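Worksheet: one structure, shown below.
Since every read-out is calculated from the coordinates, none of them should be taken as a lab result. Being a predicted model, the structure only gives us computed values, none of them experimental. Virtual Cβ from ideal backbone geometry, glycine too; neighbours counted across all protein chains shown.
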Amino acid sequence: AAARSAQPAWGDATPGERARVLLRLADLVEAHADELTDLEVAESGKPRATMRDGELPFAVDNLRFFAGAARSLEGTGAGVLSAGYTSMLLRRPPVGVVGAIAPWNFPLIMAAWKLGPALAAGNGAVIKPASRTPRGTLRLVELIAEAGAPAGLVNAVTGSTEIGEAL
């Protein structure tokens, strides 16, 4: 309900306004890199260097890509974002509120990959992190609010498989 209430104004925001929030979010993720790394390492058990020097900078870069995509008025495009990967863009009008589920093994980057494009397109979102690795995603949702997204636009719900199925 909170996302449904906040989304129309966000969907009417200019591409530049949405891009600015995503760029601020990327900066905040970068500024909180050590904190986010600690959360991810503690919960997932992945090596610190894998997160801090690999996945986290990749998530930041993707958020900046999505900020640029918010401003793309042509509607379509494809290109190389990172060596060995092709990114595609197909711009459509906002659909409303997007449901997203992040897995346990790449919780933060998958949350960024799901929420970034949804926000760039003008949608609200409800995300459910994996029950074993929720803290990085929960912190990301806080950072989205801190970046200037309207209150209630992005929400996180935690819990078991039944919560994900309902979402």
Helix-only [θ]222 nm of the chain, DSSP H runs n ≥ 4, -39500 (n - 2.57) each, per residue, nearest 500:
-16500 deg cm²/dmol
Quick check: the distance between the Cα centres of region 109-128 and region 1-52, to the nearest angstrom?
9 Å
Which value, in Å to one decimal place, does the Kirkwood hydrodynamic radius take for region 88-153 when every pair of different Cα atoms is included?
12.2 Å
Which value, in debye to the nearest 20, gives the size of the charge dipole of the chain about its Cα centre, when Lys and Arg are +1 and Asp and Glu are -1 at the Cβ?
360 debye
What are the semi-axes of the equivalent ellipsoid of the chain, taken as the square roots of 5 times the eigenvalues of the Cα gyration tensor, listed largest first and rounded to whole Å?
23, 20, 14
Pick from 46, 114, 128: which is most flexible by mean-square fluctuation in a GNM of the chain where alpha carbon atoms under 10 Å apart are linked?
46
